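The values are calculated or read from the model by the stated rules, or taken from the named source; none is laboratory data. These numbers come from a predicted model, not from an experiment. FYI the Cβ positions are ideal-geometry reconstructions off the backbone, even for glycines, and counts take in every protein chain you see.
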Amino acid sequence: MPTAFQLACPPIPLVRIALVGLGQRGMKTLERYADIQGAEIVCLADLNDDRLLLAQEALKRTGRPKARAFTGKDAWKEACRQPEVNLVYICTEWRSHTPIAVAAMECGKHVAVEVPAATTIDECWQLVRTAEATQRHCFMTENCCYDLVALQTLEMHRRGLLGQITHLEGAYIHNLTVPSRHHSGGITDTRQNWMERSCALHGGNPYPTHGMGPMAQLLGLHREDRLEWLVSVTAEGVALPGQPPKGRVNTALLRTQKGVTLMLQLDVTTPRPYSRIQTVCGTLGFVQKYPLTTVQLEDTEALTGDAALQYLDQFSTSPAALLWKKGHELGVPNEMNFAMDARLIHCLQEGLPLDIDVYDAAEWSCLAELTQQSANLGGMPVRIPDFMGTP
């Protein structure tokens, strides 16, 4: 079987996108691509005719041509078959991510898929084996890898300023149980939020990639190290009439082949401030984003808040960090999303390997099932597959 590692495909001068799923994430993606150079949305697919109309109106409002549209339960299949499409961008609900991604790659299309890319280990293997067989990209749109502090910390590590990393912490802590003004400034009533319900009833961590992605990139997983095993425990929470359990927090401890430990947490039902933690412990330095950006190097005083951010700014030198800065200058609603998509399109245009490959998508997404398995076993260790090996 050929590998999809460091996959480089022929350059695509203009990336033509089929956008599948026009809910909240899909519409934000459509709007965002008005600012992305080198790509155009040529095809739309959704279950709902009204959403297609809204999407066409958004294209017109931003001076973009009308896209071919498909509606109904098989709309995504039609989108995947369109000969002019280079990239199928999947913004549907979680359980449909893998089937659509697999079909798109089998149709010869590259894929960008919202997080998590898969919900089971079997689906993770399907993504990997399909990408290998078709030699198509499967990019998971994990925008937290394009957080500016995460990119700056990664550059510090590349320059050796943190020494050897020994421990990392990441999370997705976001109270979804009440109407809230969250970290990016939007206001959303999420009392009936499907994501809140999915997380609370899952028993593990069904949404692991926001916390995991930046940690995995720091460790160079499946490049310089790999995950070996994890243990996971979930707080019982409090059951409320007609609602999912509140306070059901999942915490997992992971260990890599080289002996690095990682703490990964999910909490979407308690009144904690929004946080992804983003803690990096190295033999020569420490960086943490939440709750207050902090940097401390060996034999120096700790920098916090604005002083830490000013110090980190000198490490905004990677291509992704420069795109984050460009997005900030343009005044885009979310610089992480802008940098992620602009970087994806650049790599496709230039025929470069992507920042996030199918093995990343599998390694990070498989933690959903594995944290559930371990929690159901009372916190017993479970092995993490090597997706560059054999099942």
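Here are 269, 256, 234: which of them is farther than 30 Å from residue 307 by Cα, touching a Cys at 6+ places or on another chain (Cβ under 8 Å) and among the polar types (S, T, N, Q)?
On the way: 256 fails: touching a Cys at 6+ places or on another chain (Cβ under 8 Å); 234 fails: touching a Cys at 6+ places or on another chain (Cβ under 8 Å).
Selected residue: 269, the only one of 269, 256, 234 that is farther than 30 Å from residue 307 by Cα, touching a Cys at 6+ places or on another chain (Cβ under 8 Å) and among the polar types (S, T, N, Q).
For the range 123-137, what are the residues that are in contact with a Ser or Thr (Cβ under 7 Å, 6 or more places away or on another chain) and either over 14 Å from residue 97 (Cα atoms) or crowded, with 20+ Cβ neighbours inside 10 Å (or both)? Talk me through it step by step, then tell me what you get.
Looking only at the range 123-137, we keep the residues that are in contact with a Ser or Thr (Cβ under 7 Å, 6 or more places away or on another chain), and these are 123-124, 126-127, 132.
123, 124, 127, 132 - these are the residues of the range 123-137 that are in contact with a Ser or Thr (Cβ under 7 Å, 6 or more places away or on another chain) and either over 14 Å from residue 97 (Cα atoms) or crowded, with 20+ Cβ neighbours inside 10 Å (or both).
How do the pairs read when you match residues in the range 282-293 that are in the same structural domain as residue 151 (by TED's automatic domain parsing) with residues anywhere that are of a type in the set (Lys, Arg), using Cβ under 9 Å and keeping only pairs 6 or more apart or on different chains?
289/276; 290/276
So, restricting to helices (runs of 4 or more DSSP H) that lie completely within the range 291-391, which ones have at least 1 residues that are over 30 Å from residue 4 (Cβ atoms), out of contact with any strand residue (DSSP E or B) (no Cβ under 8 Å at 6 or more places or on another chain) and not hydroxyl-bearing (Ser, Thr, Tyr)? Walk me through it before giving the result.
Numbers: elements: 305-312, 319-330, 335-350, 358-365, 367-376.
Helices (runs of 4 or more DSSP H) meeting the threshold: 305-312, 319-330, 367-376.
What residue, among those in the range 103-124 that are more than 18 Å from the chain's Cα centre (by Cα) and not charged (D, E, K, R), is nearest to residue 360 (Cα to Cα)? Give the steps one after another, and end with the answer.
Pass one, the range 103-124, residues more than 18 Å from the chain's Cα centre (by Cα): 103-109, 122.
Now restrict to residues that are not charged (D, E, K, R): 103-105, 107-108.
Numbers: 103: 19, 104: 19, 105: 17, 107: 22, 108: 21 Å.
Filtering first and then ranking leaves 105.
Residue 333 is checked against (1) within 30 Å of residue 206 (Cβ to Cβ); (2) at pLDDT 95 or above and fails just one. What number does that condition carry?
Among (1) within 30 Å of residue 206 (Cβ to Cβ); (2) at pLDDT 95 or above, residue 333 violates only (2).
Is it the case, given these coordinates, that residue 272 is of a type in the set (D, E, K, R), surrounded by 15 or more Cβ atoms within 10 Å (Cβ to Cβ), touching a strand residue (DSSP E or B) at 6+ places or on another chain (Cβ under 9 Å) and assigned by TED's automatic domain parsing to the domain that holds residue 222? Give the derivation first.
Details: of a type in the set (D, E, K, R): yes; surrounded by 15 or more Cβ atoms within 10 Å (Cβ to Cβ): no; touching a strand residue (DSSP E or B) at 6+ places or on another chain (Cβ under 9 Å): yes; assigned by TED's automatic domain parsing to the domain that holds residue 222: yes.
When the stated conditions are applied, residue 272 does not pass them.
Okay, residues lined up against (1) outside the structural domain of residue 148 (by TED's automatic domain parsing); (2) in contact with a Leu (Cβ under 6 Å, 6 or more places away or on another chain); (3) closer than 25 Å to residue 136 by Cβ:
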residue: 333; (1), (2), (3): yes, no, no
residue: 342; (1), (2), (3): yes, yes, yes
residue: 345; (1), (2), (3): yes, no, yes
residue: 349; (1), (2), (3): yes, no, yes
residue: 354; (1), (2), (3): yes, no, yes
residue: 365; (1), (2), (3): no, no, yes
residue: 369; (1), (2), (3): no, no, yes
residue: 377; (1), (2), (3): no, no, no
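Given the range 204-262, what strands (runs of 3 or more DSSP E) lie entirely inside it while holding 1 or more residues that are touching a residue at least 60 places away in the same chain (Cβ under 8 Å)? Break it down into steps so the answer makes sense when it comes.
Working: elements: 227-234, 238-240, 243-246, 250-256.
By residue number, 227-234, 243-246, 250-256.
Just for the range 10-26: of the residues that are outside any strand (DSSP E or B) and crowded, with 17+ Cβ neighbours inside 10 Å, which one is nearest to the chain's Cα centre (by Cα)?
Among them, the one singled out is 25.
Of all the residues that make up the range 375-391, how many are out of contact with any helix residue (DSSP H, G or I) (no Cβ under 9 Å at 6 or more places or on another chain) and at pLDDT below 95?
Number of matching residues: 2.
Could you tell me whether any residue of the range 49-68 is among the hydroxyl-bearing types (Ser, Thr, Tyr) and surrounded by fewer than 23 Cβ atoms within 10 Å (Cβ to Cβ)?
Looking only at the range 49-68, we keep the residues that are among the hydroxyl-bearing types (Ser, Thr, Tyr), and these are 62.
Now drop any that are not surrounded by fewer than 23 Cβ atoms within 10 Å (Cβ to Cβ), which leaves 62.
For the range 49-68, residues among the hydroxyl-bearing types (Ser, Thr, Tyr) and surrounded by fewer than 23 Cβ atoms within 10 Å (Cβ to Cβ): present.
Pairs under 6 Å by beta carbon, first residue farther than 17 Å from residue 293 by Cα in the range 153-174, partner at pLDDT below 95, six or more apart or different chains?
Qualifying pairs under 6 Å: 174/268.
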